[in-house]
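The values are calculated or read from the model by the stated rules, or taken from the named source; none is laboratory data. Nothing here was measured: the structure is a model prediction, and the numbers come from that model. We place every Cβ from the backbone using ideal geometry, glycine too, and count neighbours over all the protein chains shown.
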Amino acid sequence: TLVAGISLDADHETTPLLAPGPARLAVSLLEAIDEMDYLSAPDSRRVALIALESGRISRARELLLQSHASVPGDDTTLRILEHTAILSGDVYDRRRWLDERLSLNPDEPQLLRAHAHLLATMGDEDAHKDIMRLEALGLDTPADRSLLSGLRQRAGARSEALEAIESALEEDPTRSDDWCARGEILFALEEKGKALESVDKCLEIDRQNGMAWAIRAKVLSESHGRSSEALKAAIHAVALDAGGTELVMLKSDLLEASGELVKSDESLAKSLAKHSSDGHLRAAIASRRLLEGRHTEAWDVLNSAPEGVIHPDLHVVEGRMHLANADRLRDGTGDTDKNLLVDAAESFEAALEMDRESGIAWLGLARVQRLLGKSVEAVETLTRARRLLPDEDPSAAAESALLCLDKGDLEGATQHIDAASIRGEGAIVSYVRGNIAANQGHLKSAQSHFDEAINIDPTHVRARLNRASIHMASGNAQGALDDANVLLELAPGLALAKVRRAEANMMLTNWDSAKADLEQIVEAAPHHHHALTQLAACYISMERPEKAEAPLNEALRLAPEHTDAWHQRGLLYLDWGREDAAMNDFEAAVRCDGNHLDARLHIAAIHHEAGRFVEASGAWKGVLAIEPEHAVARRRREECDMALATM
């Protein structure tokens with residue numbers, strides 16, 4: 001009760017804690033009572049503050065640890081514990097409490113700054129990560145950037161390091177590790193010829209130096225005509241467990257380049273079996289399988305990880321797998337697509353919980369947010385990704401271009417994809433350029449870009465899907481059908497490709513084939529209002545109109561703003577002679593889409609045939625507002641004017 005007057009959020013900076021009289025009494029009791037383990041966490045902290053104020057640091061720390069054990073995640077307790085560590089001059093204890101505070105608030109600028117300076121004074125190379133996080137948040141200051149510059153200089157002062165190692169080699173040229181270290185520094189300095197000479201010197205002394213073999217493999221893999229030597233070096237390095245994931249993947253690449261595809265796969269499998277707990281390696285192999293379009297094998301690699309194996313890259317690859325899965329199972333309704341993206345978002349967020357500086361995880365999350373229509377969040381996330389990804393990586397610029405496209409900003413999209421292309425052309429660059437051209441109405445240019453994307457990556461689902469749409473818009477139904485069939489070979493569950501195939505078959509008057517696909521889509525996704533509408537169109541064209549009304553009614557129940565469903569049902573009612581009902585549906589179509597030319601033509605024709613020339617004249621004007629050179633509308637408008645003039 002004596003300390004109950006101290007505020008719950010009081011800390012070492014709160015003064016005074018108590019009035020002079022109660023404060024003296026509290027200190028007296030503190031000296032008299034040794035055991036206080038019966039105190040609650042808040043009271044332990046209050047008494048600790050009394051101890052701290054009176055200079056009893058050890059006693060204060062004991063009470064704070066007692067409070068922390070009861071309530072581990074309390075930032076106020078952690079903040080005071082950090083202060084006691086500062087007073088004691090214990091940098092390791094201070095780091096412990098700062099680490100815990102950062103785990104609670106990973107984006108708190110002052111904590112990041114304090115952590116960076118502490119690690120810098122301790123000589124810990126991880127200090128730069130805190131400044132990088134501040135940079136990613138857009139909160140770095142000139143002082144922060146100065147600290148980062150110093151840290152980088154300290155970590156990358158290769159010229160000074162080279163002088164020191166060469167001085168050591170002059171004194172004792174028999175030290176193989178020094179020759180290897182010299183080669184590593186020279187390789188980092190892009191002095192590849194000298195690096196090769198240095199590691200060869202190392203290998204003359206010690207043939208079992210794995211890092212020397214690794215550097216030799218990397219140098220030779222970039223030298224024209226020396227891939228077989230590079231492969232031999234990579235085999236030695238991997239056998240000696242040197243070079244990590246990079247060398248395992250390089251060995252596989254070199255085997256594949258030499259035509260040994262089976263051995264390439266076996267090499268990865270063998271390394272994974274040997275290092276089954278290496279999350280980074282497992283993620284790299286799964287990513288390779290994903291890029292090769294071998295999705296089942298990629299999942300197998302991820303799912304076979306031993307219990308307890310964790311790595312942010314595993315979550316990133318899992319997120320990319322979920323995105324690829326979403327690409328292959330989309331039906332275009334939005335509902336199905338949203339559900340498919342939830343798992344991807346969770347994977348990227350799990351990666352970021354482990355590593356807040358993972359640029360690729362931020363990029364993946366930005367893509368999910370864009371696909372879910374959360375453009376404001378996507379912009380912020382993408383900004384963070386760009387700050388963390390290497391300058392030469394074009395993926396962030398390409399994603400920025402796609403985000404601009406979604407917002408209708410064609411100029412911004414063009415600027416971003418131009419920036420991406422400077423860093424190298426690829427399937428993604430051609431794909432985005434195709435989307436920009438399509439949005440500008442340049443169908444030939446769009447098709448050309450999609451052709452390029454598919455030539456580079458024949459498994460690019462979205463490029464082929466968009467090319468099918470371009471074929472449809474250009475009247476090339478057979479081209480659309482061919483692309484849809486390839487898509488369904490690549491991704492048998494891609495309902496959107498099945499929709500395109502049905503539409504292409506409808507254009508080719510293959511009604512039975514179209515109907516079969518549409519029925520399968522509706523069975524799998526009863527909420528697919530577009531498929532329901534197209535199914536009704538098939539029934540009408542197959543002269544089975546009695547089966548068309550039910551799917552149209554359901555489509556309109558699901559999506560009252562779906563223009564094509566109103567138009568199709570209007571045509572159905574017109575065919576049945578129910579002109580009033582048809583007129584209502586055509587007018588509803590125009591309310592949904594004022595530029596729906598066919599609906600306006602039917603409205604005008606119905607009024608015209610009924611002799612309602614005032615209404616018909618207005619309706620024909622509506623047609624001409626959309627298509628000023630429409631010959632029938634112009635002629636009928638003149639007929640209305642003549643009829644009205646003689647009335």
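Taken as a whole, the structure places residue 303 among residues that are under 20 Å from residue 271 (Cβ atoms) and surrounded by fewer than 16 Cβ atoms within 10 Å (Cβ to Cβ).
Screening residue 198 on (1) crowded, with 22+ Cβ neighbours inside 10 Å; (2) hydroxyl-bearing (Ser, Thr, Tyr); (3) under 37 Å from the mean Cα position of the chain (by Cα) shows it passes everything except condition (3).
Just for helices (runs of 4 or more DSSP H) wholly inside segment 503-565: which have at least 1 residues that are touching a residue at least 24 places away in the same chain (Cβ under 8 Å) and closer than 20 Å to residue 578 by Cα? Steps first, answer last, please.
Numbers: elements: 511-524, 529-541, 549-558.
Those helices (runs of 4 or more DSSP H) span 529-541, 549-558.
Scanning segment 612-629 for residues that are free of Cβ contacts under 8 Å to residues at least 12 places away in the same chain, part of a loop (DSSP other than H, G, I, E, B) and under 21 Å from residue 587 (Cα atoms) yields 612, 628.
For every residue, the table says whether it meets (1) of a type in the set (Asp, Glu); (2) touching a helix residue (DSSP H, G or I) at 6+ places or on another chain (Cβ under 7 Å); (3) more than 24 Å from residue 502 (Cβ to Cβ); (4) buried (at least 16 other Cβ atoms within 10 Å of the Cβ).
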position: 567; (1), (2), (3), (4): no, yes, no, yes
position: 572; (1), (2), (3), (4): no, yes, no, yes
position: 629; (1), (2), (3), (4): yes, no, yes, no
position: 634; (1), (2), (3), (4): no, yes, yes, no
position: 644; (1), (2), (3), (4): no, yes, yes, no
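The residues listed here are 104, 87, 65; of these, the one that is surrounded by fewer than 16 Cβ atoms within 10 Å (Cβ to Cβ), hydrophobic (A, V, I, L, M, F, W, C), under 38 Å from the mean Cα position of the chain (by Cα) and modelled with pLDDT of 85 or more is 104.
Quickly run through segment 253-274 and pick out the residues that are outside any helix (DSSP H, G or I) and free of Cβ contacts under 8 Å to residues at least 12 places away in the same chain.
259, 260
Residues that are in contact with a Phe, Trp or Tyr (Cβ under 7 Å, 6 or more places away or on another chain) and without any contact (Cβ under 8 Å) to a residue 24 or more places away in the chain within segment 587-602 comprise just one, 588.
Rundown of residues vs (1) of a type in the set (A, V, I, L, M); (2) in contact with a Leu (Cβ under 9 Å, 6 or more places away or on another chain); (3) outside any helix (DSSP H, G or I); (4) in the same structural domain as residue 197 (by TED's automatic domain parsing), yes/no style:
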site: 231; (1), (2), (3), (4): yes, yes, no, yes
site: 251; (1), (2), (3), (4): no, yes, no, yes
site: 310; (1), (2), (3), (4): yes, no, yes, no
site: 326; (1), (2), (3), (4): yes, yes, no, no
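Only residues that are of a type in the set (Val, Ile, Thr), in contact (Cβ under 8 Å) with a residue 24 or more places away in the chain and under 15 Å from residue 137 (Cβ atoms): list them for segment 357-387, please.
379, 383, listed by residue number.
Can you find a residue that is in contact with a Gly (Cβ under 7 Å, 6 or more places away or on another chain), farther than 26 Å from residue 487 by Cα and aliphatic (A, V, I, L, M) anywhere in segment 313-332? Yes, segment 313-332 contains a residue that is in contact with a Gly (Cβ under 7 Å, 6 or more places away or on another chain), farther than 26 Å from residue 487 by Cα and aliphatic (A, V, I, L, M). Pairs meeting the criteria (first residue in segment 63-84 and assigned by TED's automatic domain parsing to the domain that holds residue 12, second residue modelled with pLDDT of 90 or more and of a type in the set (Phe, Trp, Tyr), beta carbons under 6 Å, at least 6 apart or on different chains) are 78/97; 81/97; 82/97.
Filtering segment 121-161 to residues that are in contact with a Leu (Cβ under 6 Å, 6 or more places away or on another chain), over 30 Å from residue 195 (Cα atoms) and modelled with pLDDT of 75 or more leaves 130, 131, 133, 134, 136, 140. Considering the conditions (1) over 27 Å from residue 202 (Cα atoms); (2) among the hydrophobic types (A, V, I, L, M, F, W, C); (3) not in a helix (DSSP H, G or I), residue 242 is excluded by exactly one of them, (1). Every test in (1) at negative phi; (2) modelled with pLDDT under 80; (3) not in a helix (DSSP H, G or I) is passed by residue 72 save one, and that test is (2).
Within this structure, residue 609 passes the test of being within 29 Å of residue 646 (Cα to Cα) and free of Cβ contacts under 8 Å to residues at least 12 places away in the same chain.
Condition check ((1) loosely packed, with under 15 Cβ neighbours inside 10 Å; (2) within 30 Å of residue 546 (Cα to Cα)) across all residues:
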residue	(1), (2)
588	no, yes
602	no, yes
605	no, yes
610	yes, yes
625	yes, no
638	yes, no
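Under the condition of being surrounded by 20 or more Cβ atoms within 10 Å (Cβ to Cβ) and of a type in the set (A, V, I, L, M), which residue from segment 263-299 is nearest to residue 457 (Cα to Cα)? Going through the qualifying residues, I end up with 290. Within segment 468-491, the only residue that satisfies the criterion of being crowded, with 21+ Cβ neighbours inside 10 Å and either within 24 Å of residue 412 (Cβ to Cβ) or in contact with a Cys (Cβ under 7 Å, 6 or more places away or on another chain) (or both) is 470.
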